[in-house]
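Taking it in order: structure first as structure tokens, then the write-up.
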Amino acid sequence: MDVKQLKEDVIAYAHTIGIDSIGFTTADPFDELKQKLVDYHAKGYASGFEEDDIQLRTEPKLSLPTARSIIAIAVGYPNKLKGAPRSKRGERRGMFARASWGQDYHTIMRKRLDKLAEYIESRVPDVEMKSMVDTGVLSDRAVAERAGLGYTGRNGFVINPDLGTWTYLGEMLVSIPFPPDDPLIDSCGDCTMCVDRCPTGALVGNGQLNAQKCISFLTQTKGYLQDEYRYKIGNRLYGCDTCQQVCPRNRGINTEHDDIVLEPEILKPRLVPLLQMSNREFKETYGHLAGAWRGKKPIQRNAIIALAHFKETSAIPELEEVAVNDPRPMIRATAYWAIGQIQGDEARPFIEAHYDEELEEVQEEMIKGLEMGRT
């Protein structure tokens, strides 16, 4: 088998199925990443969404013992929303991060990887393969970097020369010894725009992220949002794009694909209708987005906080309805907090009227709503 020719054929085929960038590396352990992950966990930076087993994350052959190579792929996604509705008083809107625009990227990437696998199998019938996208055990970014798709910027994203950071990443372990590509030698230089502009100071340098402070992570948590971050998330319902938006390497880049269909009214939805949306309505409207993976509870909490951010007085009747009748204590509590933040002392009679009938955790938010100031 001429693996060099096969590699060229695989690259050519990949570009016909919507893969924008493809690279090859060995299935050797990621030894440098191993120590970084040990330090990362020791500092308490992990989000908890990642694979905990550092051995699995850094040793590809634990996932596929016959692996000889890893094929890394990148698919660019759009970052411009044409026809985006305006958020205005009386009709405030939230925002889903760009990685969640269109169909869930896990589905998009799996389809491409499945097609690529079928092609390789047609050429090498006895090949063994295993594909991963985001939820796999390997670090997508470490694989992409070693395969030459880009270099890791200070914002922690892989910066591709043609796609910037606006990319979905995936990889495929294969039993074929493809010639590896060289890593891309580049850097951010002295640019620190992403670090300087991060709303919570989550970027701690050298591409490292404290996920516990990252707005993208915080919007996906299901419990109470810490006080210090409530006004930091603004109107973000899921994710955060600030460190990508300010990156100079992203200027002028906007990649589009036919299967990434943008729906402005869904990606920048009105906040008030979200407050009492049923599970069925949520799944029917937002279920196809990657941003729906944690369910409606975090989205509704974030929508309530966004209304407080906007001081949206027209939403008070709906917030009062949620505060009194929602069966979930955290959602009721956040609604009471938002009412206090929007109305100030005017909210005191309403909050005091319901104080004694509430749980202690809700009462704490009621008091906080009347006392907490914007930070």
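Every read-out reported here was derived from the displayed coordinates using simple, explicitly stated rules and does not represent laboratory data. Just so it is clear, the structure is predicted and the values come from calculations on it, not from any experiment. Quick reminder, even Gly has a Cβ in these numbers, built from the backbone with ideal geometry, and neighbours come from all protein chains shown.
Observations
- Prolate/oblate/rounded call for region 209-316, Cα gyration tensor, a/c under 1.5 rounded: oblate
- R0 of 45 Å, Cβ-Cβ distance residue 346-residue 106: FRET efficiency to nearest 0.05: 0.50
- Remark: the residue 208-residue 371 segment gains 55.2 nm on full extension, using 0.36 nm per residue and subtracting the alpha carbon distance.
- Label-point separation, residue 293 to residue 245 (7 Å along Cα→Cβ), nm: 2.3
- Distance-filtered residues of region 119-143 - backbone nitrogen under 12 Å, label point 7 angstrom along residue 17 Cα→Cβ: 119-123, 131
- Label selected from [x] 19.6; [y] 17.3; [z] 20.5, the criterion being mean projected area of the Cα convex hull in nm² as computed here: [x]
- Region 232-375, Rg to Rh (Cα coordinates; Rh as Kirkwood inverse mean 1/r): 1.04
- Cut-off of 10 Å, at most 13 other beta carbons, DSSP loop: longest stretch of the chain lacking such trypsin sites (Lys or Arg not before Pro): 90-221
- Computed from label points 7 Å out along Cα-Cβ, the spacing between residue 134 and residue 256 is 2.3 nm.
- Within the listed set 71, 266, 17, the Gaussian network model of the chain (springs between alpha-carbon atoms below 10 Å) gives the highest mean-square fluctuation for 17.
- A helix-only calculation puts the chain at -11000 deg cm²/dmol for mean residue ellipticity at 222 nm, using -39500 (n - 2.57) for each DSSP H run of at least four residues, averaged over all residues.
- Peptides 319-330, 19-30 ordered by average Cβ neighbours within 10 Å, highest first: 19-30, 319-330
- FRET efficiency estimate (nearest 0.05) - Cβ-Cβ, residue 280 to residue 325, R0 22 angstrom: 0.75
- Sorted largest first, the principal axis extents computed over the alpha-carbon atoms of region 185-236 equal 41, 16, 15 Å.
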